[in-house]
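Novice: Before I ask anything, let me first share the structure, which is written out below as structure tokens.
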Amino acid sequence: MDRKERFFGKNRIVVKIGSSSLTHKYTGYLNFNQVEKLARVLCDLRNQGMEVVLVSSGAGAVGRKTMGYLGRPEELPVKQALAAVGQAKLMMTYQKIFSEYNQVVAQILMTKTTMLNADSRRNARNTFDELLKMGVIPIVNENDTVATHEIEFGDNDRLSAIVAAVIHADLLVLLSDIDGLYEDDPRTNPDAAFIPEVEEITDGLREMGKGTTGSSVGTGGMSAKIVAARMATDAGIDMVITNGEDVENLYRVLDGEQVGTLFLAHKNKDFDLMEYLTAY
Ligand code: GLU
């Protein structure tokens, strides 16, 4: 089946954007132009009748800048405090920009511990369903202010795959700072071959993903994206990694153009989200 056919009719989509795609590379401040373009595209997808969920990183990055930190602090309470500041500011920015398009957004902060509980998962799903029915765009992040190392999702690539599985999305798109998956790290090996489509996530592929994207802003490297792909595709959801530098890539993905790397869904009948939540 070609991509056009495969993507036709995809209606419930989860879009994840990382901190490095939302901030300026050299200053670390929010890239308003980028946030505006993202909001515009997502609102336009809503206008086409799609249900859209945004998983956005940036709490830590925005918090650090707001409070004048140059590097990444190590101490957990400091990180959590900065995320609390940054998340509020990030949402304020989103709310302001989305409202220019008359689009209501909602904030959903998730924790791994609540996702491990079947009742909470069901509640979360009902809330998402209701918001989507209301035409709202839920904006999701990890609740970084309470998550500690032992109980965190860790990165939003994984979190977005969990969200996609919980709400039975049709498609997950990761807007990254790289075009997709390469056989080697293209930053160190310019001859690295690009992989447009992945049918099966093999051990070899997982090994290949071990080198990260090299971003110092976000937390999810390629290996986190491959874990996310595994969860999403096992849950029966196609996943695409594409470059978020041009958020209009989202249109191209949905039009079935050959952009990014497509990981093909292959619903595993034994799929059990709990297993993934506890294993990774
Ligand atoms: N939740 C983190 C934040 O908003 C980001 C995690 C990630 O970069 O994947 O700062």
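Since every read-out is calculated from the coordinates, none of them should be taken as a lab result. Source: prediction; values computed, not measured. Positions of Cβ are generated from backbone atoms using ideal geometry, with glycine treated the same way; all protein chains shown enter the neighbour counts.
Novice: If you take every DSSP beta bridge fully contained in the chain, what fraction is antiparallel? Give it as a percent rounded to 5.
Specialist: 20 percent
Novice: Work out how much length residue 272 to residue 32 would gain on full extension: take 0.36 nm times their residue separation and subtract the Cα-Cα distance, in nm to one decimal.
Specialist: 82.5 nm
Novice: Can I ask one more? Could you tell me the center-to-center distance, by alpha carbons, between region 219-254 and region 124-162 in angstrom?
Specialist: Between the Cα centre of region 219-254 and that of region 124-162, the gap is 16 Å.
Novice: At residue 67 and residue 84, where each label point lies 7 Å from the Cα along Cα→Cβ, what is the point-to-point distance in nanometres?
Specialist: In this crude spin-label approximation the distance works out to 0.9 nm.
Novice: While we're on this one: Give the order of 26, 101, 182 when sorted by the count of other beta carbons within 10 angstrom, beginning with the fewest.
Specialist: So the ranking, lowest neighbour count to highest, is 26, 101, 182.
Novice: I've got another one for you. Which helices count as membrane-span-like in the chain under these terms: full DSSP H, at least 27 Å along the axis by C-alpha, Kyte-Doolittle mean of -1.0 or more?
Specialist: Counting only whole DSSP H runs, the qualifying helices are 76-100.
Novice: Another question, if that's okay. For region 11-72, which trypsin sites (Lys or Arg not before Pro) are in a loop by DSSP, counting at most 13 other Cβ atoms within 10 Å?
Specialist: 25
Novice: If the cut-off is a Cα-Cα distance under 26 Å, which lysines reach residue 112, setting aside same-chain residues fewer than 8 apart in sequence?
Specialist: 16, 79, 89, 133, 210, 225, 267, 269
Novice: Can I ask one more? Excluding residue 55 itself, calculate the net charge of residues whose Cβ lies under 12 Å from the Cβ of residue 55, where each Lys or Arg counts +1 and each Asp or Glu counts -1.
Specialist: Charge balance near residue 55 sits at -1.
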